[in-house]
Structures are given as structure tokens and as C-alpha cells.
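A short write-up of the structure that comes next.
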Number of protein chains: 2
Amino acid sequence: MEKYESKVFQHGTLGMLVPGLFNGTMTIEDLLKHGDWGIGTASGLDGEMIVLDHTPYLAQSNGEIRVLKAEEKVPFATVHFEQIKDKFTARNLTKKELEEHILKTYPYKNVFFAVKIVGKFSAVKTRVVEKQTRPYKPLLAVANEQAVFEKSDVSGTVIGYFAPKMFQGMAAPGFHLHFLADDKSIGGHLLNFDVSEATVYLQPFTTIDQHLPLDNQEFLDKDLDIADMHDQIKKAEG
Amino acid sequence: MEKYESKVFQHGTLGMLVPGLFNGTMTIEDLLKHGDWGIGTASGLDGEMIVLDHTPYLAQSNGEIRVLKAEEKVPFATVHFEQIKDKFTARNLTKKELEEHILKTYPYKNVFFAVKIVGKFSAVKTRVVEKQTRPYKPLLAVANEQAVFEKSDVSGTVIGYFAPKMFQGMAAPGFHLHFLADDKSIGGHLLNFDVSEATVYLQPFTTIDQHLPLDNQEFLDKDLDIADMHDQIKKAEG
């Protein structure tokens, strides 16, 4: 049997957003060479990105959902090519119940893995950050400037990742999930949801390809030696 | 001009050693497919690995230095293929002075980079951990069980990496350097050195390939959610 190997690609880190490195540093065209499912944010934190089967949707804070252009840049994004390892049907579960079920059933608590959930949701609550302009504030200040959207009885797709605590700094520990409705009526970073009936797909990764913008002077110069970075990540993403 | 891209490969993480995951999980043969310069440790923490130009040397706590076999396994190792970006001559510098010079001169404080130093050292001080047997103790307890070696006026090679604080957990933040004398009379993890005259080579990385042993049940089961992991890393590696 061939050994299972699967990789996820990440450009930028959550830790880089903490002190306000919000400008895009990789084009969508380059990003999608490394995966066709995933999540991220746009330049200036102008919304929440949801990449579904090679299409990079952006949910914006005014409620609009558009497709990002090939030449637009992102400061932070995570993508992978699909290679599903586990699949099950979920019925009548809250976000918390589903996440606990996954961690109890599959031996993935210490690795990165992708989560995709396709089906019907009795309730969905998302948040979308507001576009920032220079001079950029720290992430923690921006986390309060966001639009919140709610909808009942909606069909759509959840896509995102679980990251172990060991990698906090690179990513937010725990589940980090985005959503897009089939009819594009709602999207964004998932604050909460209730599944009525959906298929859940999991893909654990053996390799994390962490890419950094070595050609970006602002990143190279920035003071990232932040004493309370872990606390700030917890507060901003919690 | 072609855009500069360079990658480093890491199997396992420092964070996995903290609670005592010391057993080898990747063969030397597989590891060297991802790089031919680097550092690491052997299964059971049986010494300090120094990979020089595709040869995986192991400095052991009894002072012996041997070459690891292709089928031997490592729990934690970092390797890269050489693609030097910066080069300079260092004369009469302490370890601290040299490290400060590098961070002051090159814009690499926020990225991973490799350091190679080839030449003459007026003094070298290394430590080599002692081989552990099951049940494995936490890394912090093992850090006190180590042999220390010192030598004056020795020619050799320093190889290792700098990791930014953002990646603490994956690696030890700051410089993590190993040494091997040309005549194999001394090797190990560098505690201190004084350069008399040497050439310093730097290679910053745009990508960190972090590989995890998804096929290792002990890793999957282990409780890595350690509240004071960062403190323990600081104490064990300081």
C-alpha cells in the first residue's frame, strides 16, 4: 500500500496579521497553483475568502459576495488539493457537537486537517471583517469592526481547517471554518451553525507548506516579536 | 529575474519532544530526499545529528561520532538543499557577536534561514544529550542529562537554523546550531564558540515544509496540549 501523504499550503501566518500586516503579498493566480479549496482574507482585510473547487469567492462586510480576480493579492490564505480520507453524514448537530464528534472519532487532534461540510443548515451565523485602510490598526482592534450575518434554513458549503495548539502563531488553534451559501446569499467566517443534514469530509495533512513573503519589505521590517501574540490571537479569533 | 524561492524541510517538531516523543518516525533514507544539509536528533535522543553534504553524522554522548545508516530513524530533523544567498568572512567574533551581526546586517529576523560556518574556531563548546530508554521522560528532565565537550583551535563546520519567535513550538526560536570538527574530534549542539577565521553562508527560506508522522499512533495519541510548552522549550533549549 502506498503511504498516505497529503499537503496543505499556507501563505502568510495569522501571527503576521496581529501587528497589522494586512496588505496582499501573493496573487490569487499564484495561490491557486497550490490548492483549489481553502480559506483566507483579501488585501486590507477586505472580507473573508472561501475557495470552492478553484473559485475564490470573497464575502465582504456590505453583504456582497464576489469572485476575486487572478491578479488580486492576499496577505493570508490556506489552500489544498482535495484528497478526502474520511466521510460521514451529520444530522441535527450544533457546531460544537460536530467539532467534538470529529475530534472524538478521528485521531487528528495533533495534526492539521481540512473540513468540508456540504448540505443543509437550519441556522448559520457568520462574521465578515471590514476593509481597513492605512495606517493599519492591530488585528485585535479590527476584530471589533465586523459585520455579522445570520440565516435560517440554508444550503451551502463549509470549508476550513483544524490546527493543533502547537502551531498557534502560524494559525488559530482549533477549528477555523468559512461558509458560502449555494445561492450566495450569505458567506463569511463561521461564528456558529446548526447542521440539519450534511455530508462531512475530512482530510488530514502529513505536510504543512508554510510560505512567507520574503520579497515584502514591510514584512521583513515589522516587529513580530510580540510578547502577548498568543493572547491577541485568542481574543481576535475567539 | 526569476523570483527567489528556497525551502527547508522539517520532520517532527520541537514541541513533540517536550512530552517525550523520542522514538524515530522517519528513516534517514527518506529524510535525505528532502535535503542534504541540516541537523536533528536520533531515535531515543541518542545524540546530535549533523548532516554535511549528504552525510548524516551523529555525535553521541560518549564522544563518539558515527555515520547514521539509511534505515535508522529520527524523531526530529531539519534539512535543506543548499542554495546560498549570502556569504561573508568572519574574524575574531564570539557566537553572540556573530549572531548579532547577522541579524543586524541581513533582513531575516522574521523568516527561517540556514547558517553554515566553515573555518577555524579558537574555542568550541558543545553538548550532546544522552540516549533515553522507555518510559521516556519529558525533554526538560533530559536536558540535564547531557555530556559537554570543549576544544580550542579546531577547524570544522557549523550548520543550523534561525527560527523566528512566531514559530516557537515547531522549533526553538533564535539560532539552533550544531558543529562537527573536520577531524571528527568534537561535535554536537553548540553552546558556545569563538570564530578565529571562517566563511559564513546564509540561506533564507520562502517555504517551510513541516512534515508530521501521521502514521505514528504514539504521536496521534499524545497529549500535546501543554500549557507551559513555550516555557519548557525555553528552559530545555536555552
Next on the checklist: As a test of understanding, state the convex hull volume per residue of segment A:1-114 from its alpha carbons, in Å³.
Outcome noted: 151
Checklist entry - So who's got an amide H within less than 5 Å of the one on A:S6, skipping anything under 5 residues away but keeping other chains? H placed 1.01 Å off N, in plane. => result A:T206, A:T207
Checklist entry - Given a Förster radius of 60 Å and the C-beta distance between A:F81 and B:N92 as r, what FRET efficiency does 1/(1 + (r/R0)^6) yield to the nearest 0.05? => result 0.70
Checklist outcome for this item: Place a point 7 Å from the Cα of A:H101 in the direction of its beta carbon; the residues of segment A:182-214 whose amide N falls under 19 Å from it are A:190-204
Next on the checklist: List the pairs from B:K96/B:K137; A:K7/A:K165; A:K116/A:K184 whose alpha-carbon separation is above 22 Å, in the order I gave them.
Outcome noted: B:K96/B:K137
Item to check | Exceeding the 28 Å Cα-Cα cut-off - candidates A:K87/A:K125; A:K87/A:K235; A:K3/B:K3 | outcome: A:K87/A:K235; A:K3/B:K3
Item to check | segment A:131-189: relative contact order as a whole-number percent, Cα under 8 Å and 6+ apart | outcome: 28
Checklist outcome for this item: Scoring segment A:78-184 by relative contact order with C-alpha pairs under 8 Å, at least six apart, yields a percentage of 27
Item to check | Rounded Å value of the spacing that divides the Cα centres of segment B:14-59 and segment A:160-187 | outcome: 33
Next on the checklist: Neighbour counts of other C-beta atoms within 10 Å: give me A:H178, A:H189 arranged from fewest to most.
Outcome noted: A:H189, A:H178
Checklist outcome for this item: Dividing the helical contributions, -39500 (n - 2.57) per DSSP H run of n ≥ 4, by the residues of chain B yields a 222 nm value, nearest 500 deg cm²/dmol, of -3500 deg cm²/dmol
Next on the checklist: Based on the alpha-carbon set only, what is the convex hull volume of segment B:83-181 divided per residue, in Å³?
Outcome noted: 131
Next on the checklist: At 1.002 mPa s and 20 °C, plugging the Kirkwood radius over alpha-carbon pairs of segment A:1-42 into Stokes-Einstein gives what diffusion coefficient in µm²/s?
Outcome noted: 173
Checklist entry - Which value, in Å³ per residue, describes the convex hull spanned by the Cα atoms of segment B:7-237? => result 111
Item to check | Environment charge at A:F76 (Cβ cut-off 13 Å; Lys +1, Arg +1, Asp -1, Glu -1) | outcome: -2
Item to check | Local net charge near A:D36, Cβ-Cβ under 11 Å (Lys/Arg +1, Asp/Glu -1) | outcome: -1
Checklist entry - So what's the net charge close to A:A171: Lys and Arg +1, Asp and Glu -1, counting the other residues with Cβ under 11 Å from its Cβ? => result 0
Checklist outcome for this item: Going from the fewest other Cβ atoms within 10 Å to the most, one would list A:S61, A:S185 as A:S185, A:S61
Item to check | Beta bridge orientation in segment B:68-191: antiparallel %, DSSP, nearest 5 | outcome: 95
Checklist entry - Where in segment B:166-195 does the amide nitrogen come within less than 18 Å of the point 7 Å from the Cα of B:D228, taken along Cα to Cβ? => result B:169
Checklist outcome for this item: The exposure ranking of A:E72, B:E145, A:E48, fewest beta-carbon neighbours within 10 Å first, is B:E145, A:E72, A:E48
Next on the checklist: How high is the relative contact order of chain B? Use alpha-carbon pairs under 8 Å, at least six apart in sequence, and give a whole percent.
Outcome noted: 29
Item to check | Cα centroid of segment A:68-131 to Cα centroid of segment A:216-238, whole Å | outcome: 24
Item to check | log10 of Debye I(q)/I(0), alpha-carbon scatterers only, for the protein assembly as shown at 0.09, 0.11, 0.13 Å⁻¹ | outcome: -0.62, -0.89, -1.18
Checklist outcome for this item: In this structure, the FRET efficiency calculated for A:D215 and A:D194 from their beta-carbon separation, with R0 = 41 Å, to the nearest 0.05, is 0.40
Checklist entry - So what's the angle, to the nearest 10 degrees on a 0 to 90 scale, between helix B:95-105 and the longest Cα principal axis of chain B? => result 70
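Read-outs throughout are calculated quantities, based only on the coordinates presented, and are distinct from any laboratory measurement. Because the structure is predicted, anything quoted here is derived from the model rather than measured. FYI the Cβ positions are ideal-geometry reconstructions off the backbone, even for glycines, and counts take in every protein chain you see.
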